[in-house]
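Comments concern the structure below.
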Amino acid sequence: MGKKIIERWRNDPVWKLRWERIALWIFSENEIIDIAEDMEYTPNGYLDLRGFPFNAFIAVQEYTNFQRDELLQNSAGSIANKKFEKIDFSYADLSGRLIDKCKFYDCIFENTMMRDIAETKNIFVNCVFRKGTYGGSLGMGESSYRNVQFQSVKMQRTQMWWPDFEDCLFQNCNLKGTDFGGAHFKNVKFIGKIEGVWFRGKMPDRYKENCKRRPEIDERWDQVFPMEADFSEATLSDLTISDLCDLSEVILPSDGSCYLIPDLDAVRADINIRFKKEEKKLLKRLLEYYLAKRENQNMEILCLNDVYREIREDFAPDEQQESYDLCKEVCNDLLNKNILTLGT
């Protein structure tokens, strides 16, 4: 079905005319789409923009019957100040676009291609992203995602700045290499594998130089709120936590594979005392890698899956059982001292 609804915009004269009119609206100053009465709707009542081809590198001549100078001149332009309500963007391609100050209400993005976009100051409410790709640079200037579901979406290596996520779900998404920047989380649930992800409390001050022309975001630099994230049905691995990230409201995986460290200095000091008495390889690795101090950060999540994997793969066979036992002993001791916790 995907191929058919994509090609209709190029091959069907009626849909070509619709493509042209939508494109002209996007590059106009009108916020509300003014051709809805000439469009078709999906069986569940959504305006049908499925398969809409509008990436930044599109060959305009393939989708219009006329030589429209304004389309040719603006073909790589931004999508700005538009309101999209109850629209199905499934199989559409918006890759490479700057999407600025738009509002998306009750929209569907299934198998949608939105690779390498620049997403700034947008509002998404009651939307669903399912499969497809959504990534690039997100949340510059504060964007809002409320009651948005991301299901099996490819979001790897995405750089986020200041998006606000409220009542959102990330389920079985590929987030590897993604930096959530200064994102705020309120009642957000993660399900599935969360690997190689960076969570920051705020963006580092060194990035201010890149944003000096955006004075409207000055207040956001120092706003840090507790990260209200539920990882109870997630598997965590190789996380980076930094820049005053407040983990006090985080719900850890229910399988007991992770510990919350409220005071990293206290944990490191305790293990250092133990290490001076017995220079074990595991203790050294804990201090140098798993419990390493990062920029402006004194809270951490210890993922036992990472530690056990290293023991299994990199420790000599005759060291492995002893190292497993030592890891459990250290964790139990820190729990008893109340400097390691199981989270909320």
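Structure data summary
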quantity	calculated
Within segment 4-60, considering residues that are open to solvent by 70 Å² or more (accessible area, probe 1.4 Å) and assigned to a loop (DSSP other than H, G, I, E, B), the one farthest from Asn122 (Cα to Cα)	Pro43
Hey, Ala76 at pLDDT below 95, of a type in the set (Gly, Ala, Ser) and either assigned to a strand (DSSP E or B) or open to solvent by less than 60 Å² (accessible area, probe 1.4 Å) (or both) or not	no
Close pairs (9 angstrom Cβ cut-off, 6 or more residues apart or separate chains): open to solvent by less than 50 Å² (accessible area, probe 1.4 Å) in segment 213-229, at pLDDT below 80 anywhere	Ile217/Gly141; Ile217/Cys211; Arg220/Gly141; Trp221/Asp205; Trp221/Tyr207; Trp221/Lys208; Trp221/Cys211
Residues located in segment 159-177, provided they are within 14 Å of Glu195 (Cβ to Cβ) and either open to solvent by less than 60 Å² (accessible area, probe 1.4 Å) or touching a helix residue (DSSP H, G or I) at 6+ places or on another chain (Cβ under 9 Å) (or both)	Phe170, Cys173, Leu175, Gly177
Pairs with Cβ under 6 Å, 6+ apart, first in segment 262-273 and in contact (Cβ under 8 Å) with a residue 12 or more places away in the chain, second acidic (Asp, Glu)	Leu264/Glu300
Within segment 228-273, tally of residues that are more than 21 Å from the chain's Cα centre (by Cα) and over 20 Å from Val330 (Cα atoms)	1
Residue count for segment 133-156, restricted to those that are assigned to a loop (DSSP other than H, G, I, E, B) and open to solvent by 20 Å² or more (accessible area, probe 1.4 Å)	4
Index of the failed condition, Cys173 passing every other in (1) over 23 Å from Arg50 (Cα atoms); (2) without any contact (Cβ under 8 Å) to a residue 24 or more places away in the chain	(1)
Failed condition for Gly141, given (1) of a type outside the set (Phe, Trp, Tyr); (2) touching a helix residue (DSSP H, G or I) at 6+ places or on another chain (Cβ under 6 Å); (3) closer than 15 Å to Cys127 by Cα	(3)
Which listed residue, of Lys193, Lys189, is of a type outside the set (S, T, N, Q), open to solvent by 30 Å² or more (accessible area, probe 1.4 Å), in contact with a Leu (Cβ under 7 Å, 6 or more places away or on another chain) and part of a strand (DSSP E or B)	Lys189
Residue match in segment 158-171 (condition: assigned to a loop (DSSP other than H, G, I, E, B), modelled with pLDDT of 95 or more and farther than 24 Å from Cys258 by Cα)	yes
Within segment 119-132, tally of residues that are modelled with pLDDT of 95 or more, more than 13 Å from the chain's Cα centre (by Cα) and either surrounded by fewer than 21 Cβ atoms within 10 Å (Cβ to Cβ) or at negative phi (or both)	9
Considering residues of segment 87-114 that are touching a Leu at 6+ places or on another chain (Cβ under 9 Å) and farther than 20 Å from Phe165 by Cα only, the residue surrounded by the fewest Cβ atoms within 10 Å (Cβ to Cβ)	Met113
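Quick grid of which residues meet (1) in a helix (DSSP H, G or I); (2) out of contact with any helix residue (DSSP H, G or I) (no Cβ under 7 Å at 6 or more places or on another chain); (3) open to solvent by 80 Å² or more (accessible area, probe 1.4 Å):
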position	(1), (2), (3)
Arg268	yes, no, no
Leu283	yes, no, no
Tyr289	yes, yes, yes
Asp306	yes, no, no
Arg309	yes, yes, yes
Glu313	yes, yes, yes
Asp318	yes, yes, yes
Ile339	no, no, no
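The values are calculated or read from the model by the stated rules, or taken from the named source; none is laboratory data. Small disclaimer: the values here were computed from a predicted structure and weren't measured. Counting neighbours? That spans all protein chains shown, and the Cβs are built from the backbone with ideal geometry, glycine included. These accessible areas exclude ligands, DNA and RNA; they are computed on the full protein's heavy atoms, side chains included. Shrake-Rupley method; radii C 1.70, N 1.55, O 1.52, S 1.80 Å.
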